[in-house]
Amino acid sequence: MKRTIMIVLAIAVALSMTACSALDALLSVNVFAPFAGVSAGAIEKATPDELVEMSESESFYETLADDPELKETVLTNIDEAMAATTDSATYEELAVLAANIELQTTPAGDLINNVGDLFGSLLSGDSGGTEPDAETLISGMIPDEVISADGEIDEIAFVAMIDALVAANDYYVKLGDAIGTDGYAEDADISAGDVAQAAIVSAVIASIASNPPAGYSSGEYLYALLTDDPGVTEPDAVSMPNMESGYLYNILAAAGLADALASGE
C-alpha cells in the first residue's frame, strides 16, 4: 500500500505545482457530446478526419474498448496519418485523438476524470476545509474498475491503466514538441485544458515507470512494485516531470497556465 500512496501522491504533488489559479483553469473534466452510436464498421472505414469527428461520441471509445484489434488498427492508421500530414492542425488533432483512444478505452480515462473531480472539489471548498489524508486521495482517484470485489488491486485493469497512460504520454510528447511555445494551430479544434490535465497525469505515471525491467511493461512493473514482488527492484527515486520547459510546458502554456506556473499564485 505504501507504493500505492507514492503513485497517488506523486500525481497530487505534480498538480499542486501548478498552483491554485492554474488548477482552477486546468481542471475541466471532459463531457462527451450525446451523439449517436458509432459502429465498428463505420470506424473501420473512416478516414483520419472522420475519426476525429466520431471521437466526439462516447460510443466511439466504447466500441474500440470492446474490439482491441480494431483499436490497434485505428492507432496504426492515425500514426501513419500523422507521419504523412504537413498540416499542423491535423497533426495536433490526431495526436490528441490517439492519446484519448489510449486513455478512454481503459480505466486511465476514469483516473484522469477522478483527479479532476477531486482537485476541483478541493479548490471549491467542498472538502469541508479539511486536508485529505492519503487514504482519501487514493479512494478518490483510483477508478472502481481497478479495485476487485475483495478490495485488492485488479491486476489486469491496473496494468491496462498504467500502460495506457504511458502510451498516451508518448503522444503528448509528440504534441508538445509539435506546438512548441507558439501554442496550437489556429484552426485546431482542441480543448487545451482537458489536454493539459491528461498530459500531467500521464507524464507523472510515465516518469515513475520510465525504466521497467526486461520482460515487464510499465504497468506490469508498477503492479509488481505495488504487490511487493521480490523479483523487482524499487526505483531509487521518483522525479517529477519537467513543467518549466519542454513538451509538457508547451502543453500547459497552450492552456494559458504559463503565468500561473511562473508566479506560483
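Here are some notes:
- Residue count for the stretch 254-265, restricted to those that are at pLDDT below 80 and either assigned to a helix (DSSP H, G or I) or open to solvent by 20 Å² or more (accessible area, probe 1.4 Å) (or both): 8
- Taken over the stretch 179-191, the residue count meeting the criterion of being closer than 19 Å to GLY246 by Cβ and either at pLDDT below 90 or charged (D, E, K, R) (or both) is 1.
- The stretch 20-51, residues that are at pLDDT 80 or above and within 16 Å of LEU103 (Cβ to Cβ): LEU51
- Here is the figure for the stretch 221-253: residues that are outside any loop (DSSP other than H, G, I, E, B) and within 19 Å of the chain's Cα centre (by Cα) total 11.
- In the stretch 209-234, the qualifying residues are those that are within 27 Å of GLY176 (Cα to Cα) and at pLDDT below 80, and the one that is most open to solvent (accessible area, probe 1.4 Å) is ASN211.
- GLU152 falls short on exactly one of the conditions (1) touching a residue at least 60 places away in the same chain (Cβ under 8 Å); (2) open to solvent by 10 Å² or more (accessible area, probe 1.4 Å), and that condition is (1).
- Flag for ALA188 being under 16 Å from ILE112 (Cβ atoms), in contact with a helix residue (DSSP H, G or I) (Cβ under 6 Å, 6 or more places away or on another chain), among the hydrophobic types (A, V, I, L, M, F, W, C) and touching a residue at least 60 places away in the same chain (Cβ under 8 Å): no
The values are calculated or read from the model by the stated rules, or taken from the named source; none is laboratory data. Everything numeric in this text was worked out from a predicted model, so none of it was measured. Quick reminder, even Gly has a Cβ in these numbers, built from the backbone with ideal geometry, and neighbours come from all protein chains shown. SASA here: full protein model, heavy atoms, side chains in, ligands and nucleic acids out. Shrake-Rupley method; radii C 1.70, N 1.55, O 1.52, S 1.80 Å.
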